[in-house]
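The values are calculated or read from the model by the stated rules, or taken from the named source; none is laboratory data. Everything numeric here is computed off the predicted structure, so don't read it as measured data. Please note: Cβ atoms are built from the backbone with ideal geometry, for glycine as well, and neighbour counts cover all protein chains shown. Remember, those area values only see protein heavy atoms, side chains included, never the ligands or the DNA or RNA. Shrake-Rupley method; radii C 1.70, N 1.55, O 1.52, S 1.80 Å.
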Amino acid sequence: EGVDHVVLAGMGGSSLAPEVIAATAGVELVTLDTTDAEQVRSALAEKLDRTVLVVSSKSGTTVETDSHRRIYEQAFADAGIDADTRIVVVTDPGSPLAAAAAEAGYRAVFEADPHVGGRYSALTAFGLVPAGLAGADIATLLDEAAAAAPGLGADSAENPALRLGALLGLAHEAGSEKVVIADHRGGIPGFGDWAEQLIAESTGKLGRGLLPVVVESTAAPGFADAGRDAVLVTIGEPDESHVAPSGFSAAVGGPLGAQLLLWEYAIPVA
């Protein structure tokens with residue numbers, strides 16, 4: 001139908017994973033995760049006649065995302081486009097958004113597993129639907145995760161998720177509460193931004209927790225000059241030119257699907 005411009009309206013856990021998946025696949029996905037008026041206007045001004053809007057909210061009550069939905073509904077109407085043919089919803093079963101979508105007759109409603117927390121939802125409908133519509137190969141992504149799953153579920157000292165989680169927990173107990181993340185030949189653009197929310201929201205309770213610090217490279221401040229309070233983590237290959245003063249470091253390699261699942265195991269372990 002010529003509709004090939006995908007705009008994702010979603011905040012936090014609803015936007016970070018599909019952004020990483022789309023960027024790694026090299027496909028275009030416009031992410032609207034802000035209420036900044038200029039950014040919203042910029043998105044609205046781009047290819048509206050070819051746009052599908054994915055409205056993504058686990059609770060179905062996210063105010064920012066609902067604002068985006070109503071703004072696009074109006075823009076579609078003003079352009080003579082039936083909004084119900086251009087809006088796709090991703091939400092939990094029974095949410096207010098699911099009810100509103102059914103009443104409005106939106107083109108498609110994808111209901112995700114309600115038992116999976118938002119920041120752990122990368123491999124559910126929240127991560128897969130927007131990225132898949134944008135053109136990412138989500139079948140391969142799921143195959144990568146499935147291939148890694150047996151090793152990540154193994155009660156073994158060789159389980160990489162247990163090793164990473166134990167390292168982060170041990171480092172925290174030794175006073176290294178920062179986790180500095182840099183890409184080093186990993187080929188997964190933006191992965192640190194997704195891991196940042198996963199780490200911070202999962203561990204930052206009761207005045208404790210790990211503080212994620214995402215930097216652009218191993219040469220960046222925060223990584224190159226890290227102190228004894230930091231764990232150094234590279235996504236991809238080890239960078240032998242940097243030795244962590246804390247004594248705690250890790251290199252986490254592998255394809256995107258496997259990495260997403262590995263970190264979703266490792267952080268609860270930590």
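In what order, largest first, do THR62, THR85, THR51 sit by accessible area if the probe radius is 1.4 Å? Before the final figure, lay out the partial values.
Working: THR62 40, THR85 60, THR51 0 Å².
The ordering from most to least exposed comes out as THR85, THR62, THR51.
With point charges of +1 on the Cβ of Lys and Arg and -1 on the Cβ of Asp and Glu, referenced to the Cα centre of the chain, which listed residue (GLY204, THR34, LEU123) lies farthest in the positive direction of the dipole?
Value computed over the given set: GLY204.
With unit charges on the beta carbon (Lys/Arg positive, Asp/Glu negative), name the residue among ALA134, VAL63, ALA266 whose Cα is farthest towards the positive pole of the charge dipole of the chain.
ALA266
What angle, in degrees between 0 and 90 and rounded to the nearest 10, separates the Cα long axis of helix 125-134 from the longest principal axis of the Cα atoms of the chain?
That helix lies at roughly 70 degrees to the long axis.
Given a cut-off of under 8 Å on Cα pairs at least six residues apart, what relative contact order in percent is computed for segment 162-217?
42 percent
Rounded to the nearest 20 Debye, what is the dipole magnitude of segment 148-270 about its Cα centre when Lys and Arg each give +1 and Asp and Glu each give -1 at the C-beta?
220 debye
With a cap of 15 neighbouring Cβ atoms within 10 Å, and only residues DSSP puts in a loop, list the trypsin sites (Lys or Arg not before Pro) found in segment 161-224.
Passing sites in segment 161-224 are ARG185, LYS205, ARG208.
Which of the GluC sites (Glu not before Pro) found in segment 171-266 are loop residues per DSSP with 13 or fewer other Cβ atoms within 10 Å of their Cβ?
GLU216, GLU240
Report in % the part of the accessible area of segment 132-270 that belongs to carbon and sulfur, leaving out ligands and nucleic acids; probe 1.4 Å.
On the way: 3570 of 6480 Å².
C and S fraction of accessible area: 55 percent.
What residue among MET11, ALA25, GLY222 has its Cα farthest toward the positive end of the dipole of the chain, where the charges are +1 on Lys, Arg and -1 on Asp, Glu, each on the Cβ?
Farthest towards the positive end: GLY222.
Angle between the Cα long axis of helix 138-152 and the longest principal axis of the chain, 0 to 90 degrees, nearest 10?
Between helix and principal axis, roughly 30 degrees.
Mind checking the dipole of the chain: about its Cα centre, +1 per Lys or Arg Cβ, -1 per Asp or Glu Cβ, Debye to the nearest 20?
420 debye
Over the chain, give the accessible area per residue in Å² for a 1.4 Å probe, as an integer.
45 Å²
Check each of the GluC sites (Glu not before Pro) in segment 46-114 and keep only those in coil by DSSP with at most 15 other C-beta atoms within 10 angstrom; list them in order. Mind dumping the intermediate values first?
Values: sites: GLU46, GLU64, GLU73, GLU103, GLU111; in loops: GLU46.
Sites meeting the loop and neighbour criteria: GLU46.
As a test of reading the structure, rank ARG69, ARG41 by solvent-accessible area (1.4 Å probe, protein chains only), most first.
ARG41, ARG69
Relative to the first principal axis of the alpha-carbon coordinates of the chain, what is the inclination of helix 191-203, with its axis defined by its Cα atoms, in degrees from 0 to 90 and to the nearest 10?
The helix 191-203 is inclined about 80 degrees to the chain.
Counting only C-alpha contacts under 8 Å and six or more residues apart, can you give the relative contact order of the chain as a whole percent?
Averaging sequence separation for qualifying contacts and normalising by length gives 19 percent for the chain.
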